[in-house]
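The values are calculated or read from the model by the stated rules, or taken from the named source; none is laboratory data. Predicted, not measured: the structure shown is a model, and the values here were computed from it. Every residue, glycine as well, gets a Cβ built from its backbone with ideal geometry; the counts of neighbours run over all protein chains shown. Each accessible area value is taken on the protein alone, full model and side chains, heavy atoms only, with ligands, DNA and RNA left out. Shrake-Rupley method; radii C 1.70, N 1.55, O 1.52, S 1.80 Å.
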Amino acid sequence: MKQFLIYVLATVAGLFVTMFLCMAGSFLMLIMMVALSGSSSAPAVQKHSILHLDLSGYITERMEGRSLIDELQGIENKSLPLNDIIAAIDHASTDSKIDGIYLECNGGEGGQATMTYIIESLNKFKESGKWVIAYGDSYSQGNYYLASAADSLWLNPVGAVDIHGLGGNLMFYKGLLDKLGVEVQVIKVGTYKSAVEPYILTAPSEANVEQVRAYITPIWNYISYVMAESRNVTTETINEWADSMIVTQDPATFVERNVVSGLRYRHEVEESLKELCGLDKDDNLRLISPSKYVQTIKKKHSDNHIAVLYAVGDIVDSGNEGIVGEKMAPLILDLAEDDDVDALVLRVNSGGGSAYASEQIWEALEQFKAKGKPFYVSMGDVAASGGYYISCGADKIFCQPVTITGSIGIFGMIPSLKGLMSDHLGITTATIATNPNGQMSLMEPLSPVQRQAMQNMIDRGYETFVGRCAEGRGMPVDSIKAIAEGRVWDGTTALRIGLVDGLANLSEVIEALAQDNGFETYSIVEYPDPKLEWWEEILFASDGIKQSILDRELGEARQLYDAVKRIKEMDPVQCRMPEVVIE
C-alpha cells in the first residue's frame, strides 16, 4: 500500500510538472511569436512622401517597452517617442524623397521643453526650403504652441483654439487622510520644499505660491513670445487671446486675426497636401510616421562612441519603472569600463525620488568621470530635486528655457496609522521592547526623541546634497544654499544663478560635447535597452491586468488610491519636487 501511494503521488507530481512545462513552453512560444510579428523589415520611402506627426498620444522621451498583455489584446501604443521625432525631422531635411511635414494635431500633449525641442527642430527643418503644414479639428494650447511653427496652420471651420496661459494644478490629500485617521509626520529641510504640502495642508503655503508663480511666469513669457513670433503678432496679442477665453469664440474671426492661416475641413487639407506633393487627386497621400521613418535611416559608424543614457521618471531604489537605482548605477559602471564608450550624455527628465538611489547614481557617475571620459547632462521638461542630484556632478549641464530644475532639498514622510487603526477600525496595539526606541511602528506617532533623530538624519542628507552640488558646480556651499531651500527654478533663471551652464536641447548638447572633445565624427548608442526580457514581459503583463482592474473599479478615485499607496511605499528620505500639473 505504501509503495502504491508513493507511485500515485509521484505520478501526480509528474503530471503537474509536465503541465507546468507545457504551459511555460507555450507561453514562451507565444512571446516569441508576438516578438517576431512585431519585427518587420524597414519600410520603403516613396518619392513625394510626407513625414506625418500624428499628435494623438503623449510624447515620451523614447519608445517604451510594451507588455505582453498589450500585444495580445492589440492595444495600440499611442505614445510618441521624442527621440524618433527629432531624428526623423533632422534626416528628412536632406532626404529628397520627403517633400514636407504634416502635423496632425489630435489632442496629444507633451511637456513644455519637449514641445520646444520639436519646434526648434521644425524651424531648422524649414531652413531646407521644405514646408511644414499643421491641421487640427481643435487645438489644445500645447498643440497650438507646436503648430505655430508651421508655415500654414489650418483649423476645422467649426473647431476651437485653446490659449489660456499657464497654471499649476496642485492636489491636496490632507482632508482624505484626516477622514481615514492617517497622520503624515513630516521632517524636512527647505522653506520651499513643498512636495510634502499635499499631505499636511489643504492649500499651498505662501512660499509655494511664490515659487510656482516665479517659474511659470518666465516659462509662459517664453512660450507666448515663440507663438507671437511664429504667427507674426505681438505677445500682448497672445495674452489678449488668453484673457478673452478665445476657446469660446467664433473661428470665423481667426483668419483675420492671424490666429490661424485658414479654415479647412480635413479632406480639403489632404487635397492641398496632394497638390504640394504633385500628386493626382485619386492618389493616396504617402504618409510615413517618425517611428517608421527612422527605421530607414542608416546608423552612423565612427570610432567615437557617445552613450546617451535616459533617466526618466521617479527615482526609486528597486522595481521595474522609472529610474531604478539598483539597475542604473551598475549600468553606468559598465559604461565606465566599456572601452567602446568615449563619452556620456545623461538625458534627465525626472522630478526626483529616493535620496538613497540618487546618491548611488551620483556616485556611479563620479566613477565614470574618474575614467577620464567626458560627461554632460541634457535636461528635459523637469530635472529637479533628485533629478538635479544625479545631474550636478556633470562636466557641463544644459537645459531649455522652459525646463523646471533646482529643488535642492530633502524631506522624510512617515505616516502614523494610529487614528485609522484605533478610531476607525477598533484595533489597538501594544509595544514590548528592551529599549525605548527598539520598536518604531507606524501604529504609533513618533516620540520627540525619534522625531529629532529623524530631523538630524534629514539635515545630514541635506548637507550631503548641497555639498554634492557645490562640488559639481564649483561654487561655495553658502552660494548653493542661497538658491537651494528646495526652491524650483525655470531654465532661464537656472542659467543666471549658476545651476546650469547653458540653454540647449539634446541634439545641441551632443554636438557641443563632440566639438568640445574634438570628435569630428561620432556615433550614438542609447541606453538602457527599452526592449523587455521575457520575464519582464510576464511581470508587466500581470501588472497590466492589475492596473486595468484598478482603473475600472476605482474610476476617478484612482488618483486618491495612488496617493495613499505612494505614501505607504515611499522611501523614508526623499529628494522630490512637488507634483504640479502645469497646463
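Values as computed for the structure displayed
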read-out	value
Virtual spin-label span in nm between Gln295 and Thr429, 7 Å along Cα→Cβ	5.4 nm
Solvent-accessible surface ranking, highest first, for Met577, Met171, Met245, Met443 at 1.4 angstrom	Met245, Met171, Met443, Met577
Solvent-accessible area of Tyr522 with every protein chain in place, 1.4 Å probe, in Å² to the nearest 10	50 Å²
Carbon/sulfur fraction of accessible area - segment 75-232, other protein chains in place, 1.4 Å, %	50 percent
Euclidean distance between Cα centres, segment 239-268 to segment 476-525, Å	38 Å
Accessible surface of Asp516 - all protein chains present, 1.4 Å probe, nearest 10 Å²	80 Å²
Amide hydrogen neighbours beyond the local backbone of Ser205, cut-off 5 Å, H modeled	none
Sparse-neighbourhood loop sites, GluC sites (Glu not before Pro) in segment 95-142 - DSSP loop, at most 10 other Cβ within 10 angstrom	Glu127
Residue-span extension gain [Thr464 to Glu270] - 0.36 nm each, minus C-alpha spacing	64.0 nm
With every protein chain in place, segment 271-427: carbon and sulfur % of accessible area (1.4 Å)	46 percent
Sequence-distant aspartates and glutamates (8 or more away, or on other chains) whose Cα lies within less than 15 Å of Lys371	Asp334, Glu337, Asp338, Asp339, Asp340, Asp342, Glu363, Asp395
Calculated Rg and Dmax of segment 258-410 using C-alpha coordinates, Å	21.7, 63
Cross-link reach list, lysines versus Lys179, counting only Cα pairs under 18 Å and skipping chain neighbours closer than eight places	Lys418, Lys565, Lys568
Separation in nanometres of the label points that stand 7 Å from Cα toward Cβ, at Thr94 and Glu326	4.5 nm
Per-pair calculated FRET efficiency, R0 = 51 Å: Lys481 and Glu236 via Cβ, rounded to 0.05	0.85
